[in-house]
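Down below is the structure, laid out as C-alpha cells.
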Amino acid sequence: LCAVHPDDMPAAIAELEKIKSGIPTVHFEVRVRTKHGSYTHTSWHVTPAADGKQYAIGRDVTTQLEMQDYLKAEKNRAEAATRAKARFLANMSHEIRTPMNGIMGMANLLMDSIQDPAQVERLRIIQSCGNSMLDLINDVLDFSKVEADGVVLENQPFALHAAAREVVDMMSVKASENSVQIVDEIAASAPEWVLGDVTRFRQVLANLVSNAVKFTKNGVVKIACAVEDEAQGKRLLHFSVQDSGIGIPPEVRDGLFVAFSQVDASTTRKFGGTGLGLSICKGLVEKMGGRIWLDSKVGFGSTFHFTIAIVPIEAPPQVPAPAPPSTEFEGARL
Ligand code: ADP
C-alpha cells in the first residue's frame, strides 16, 4: 500500500475492505510508484480461488491510458479542423452568392431589352446555368452550416398545414411535368398551429417531395403525418413522403444520408442533383429533435420518414393587415 499514490489511497483502502469482506470479483485502478519514483497506472483484478484465498493480478495500463488520452486529443483536434473547414465553406458560399445575384439580376434585365432570338437563347442558357449554380451554392451553404453546427433554429408560431400546402403548390408544376399526382394527407392528424422553424420544416419536406417527384414517372406522391408521442408539452410528429417511383436498393440506403452520395453515378446525369439534400435534411431533422429514415422496394417506390419534436399552440390572434405603404417618397428618385 505504501507505493500507492497518496490521492488514490482512500480508494485503494476502500477496495481492500471490499476484498476482506469477501466480495467475489473486484476490479480497480490505482497509481503505483515504481522504483524510479515515477507512477504507473495499474489495473487490479481480484478473484477468489477454490482454496479460499483471493488472488490479485495487476496489469500496467499506463501506455493504454496514454494512448486513450492521445486519441481523445487527436479526435478533438480533427473535429475542430472539420468545423473550421465547414465554417470556411459556409463563408465562401455566402460570399459567392452576392456576385451571383448581380449576374442573375443583370441577365434578367438584359432579357427585357434584347430581341434577337439567338441572343435570347444564349441568355436563357446563362439564366438556367445561373439558377443551377445558385441551387448548388445554397446546398453547399446549408450543408456546411449543418457540419459546422451553425444552424440556429427559429421558434415562432406557424401554421403547419399551410406550410405543407405551400410545399405541394411549389412542387405542382414539376409534378405535372412528370404526370405525378401529389396527395396531401397532413391535415387529418397534425396540430394546426405549432411553435418551430417554418423555413427549416418546409426545406426538409420540400427536399423529400422534390426527390419523390423527381424519381417518379406517372405515379402518386403521398405526404402524411401522424402523432407518434407526446411528452413535456411537445409532440413527436412523424411525417412520411411516399412515392411510386424507381425505388432504392437496400445496400445504398444508409449511405444516402451522407454528403455527396447518390444511388449510382448515372443519377446525376439522368436526374441532376448534388447528393447533398438528404444529408442536409438529416442534420436539420436531428436539430429539430427527430430522425430520418427510409423504406423502399426497387421498382415499386420509396417512403422517406422523418420525425420532429414540436410544441402545438392555439391559433395566434389575427394580425391586422399591414398599413398601406407610405406615399411620402412618391416622385423621389431611387
Ligand atoms: P440529390 O437529389 O441532389 O442528388 P439527395 O441527397 O436529395 O441529393 O439524394 C441523394 C440520392 O438519393 C439521389 O441522387 C437519388 O439517387 C436517391 N434518392 C433520393 N430520394 C429518392 C427517391 N424518392 N427515389 C429514388 N431515389 C432517391
Averaging 1/r across every pair of distinct alpha carbons in segment 162-259 and inverting yields a Kirkwood hydrodynamic radius, in angstrom, of 14.6
Residue-ordered couplings for segment 195-211, obtained by feeding phi - 60° into the Karplus form 6.51 cos²θ - 1.76 cosθ + 1.60 and rounding to whole Hz (Gly and Pro as x), are 9, x, 10, 5, 5, 5, 4, 4, 4, 5, 4, 4, 4, 5, 5, 4, 4
Within the set 239, 28, 158, GNM on the chain using Cα springs under 10 Å gives the largest fluctuation to 28
With x for Gly and Pro, the residue-by-residue ³J(HN,Hα) of segment 36-41, computed from phi through the Karplus equation 6.51 cos²θ - 1.76 cosθ + 1.60 at θ = phi - 60° and given in whole Hz, is 8, x, 7, 10, 10, 7
GNM on the chain, Cα springs under 10 Å; top mean-square fluctuation among 228, 17, 147 goes to 17
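Grab the DSSP H runs of the chain that are 4 residues or longer, score each as -39,500 (n - 2.57), total them, divide by all residues and round the 222 nm result to the nearest 500 deg cm²/dmol.
-15500 deg cm²/dmol
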Note: segment 42-107 at 37 °C, 0.692 mPa s; Kirkwood Rh on alpha carbon pairs; Stokes-Einstein D in µm²/s works out to 189
By the mean-Cβ-within-10 Å protection proxy, highest first, 245-251, 149-155 rank as 245-251, 149-155
In degrees rounded to 10, the 0-90 angle between helix 9-20 Cα long axis and the longest Cα principal axis of the chain is 70
Karplus-derived 3J(HN,Hα) from phi for segment 219-236 (6.51 cos²θ - 1.76 cosθ + 1.60, θ = phi - 60°), whole Hz, x at Gly and Pro, runs x, 10, 10, 10, 10, 9, 8, 9, 7, 8, 7, 9, 7, 6, x, 9, 10, 8
Here, the chain modelled as identical Cα point scatterers in vacuum has Debye log10 I(q)/I(0) at q = 0.13 Å⁻¹ of -1.08
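Quick note: the coordinates plus some simple rules give every number you see, no bench work behind them. Note that the structure is predicted; figures quoted are calculated from it, not measured. Glycine also receives a Cβ, built like all others from the backbone with ideal geometry; neighbour counts cover every protein chain displayed.
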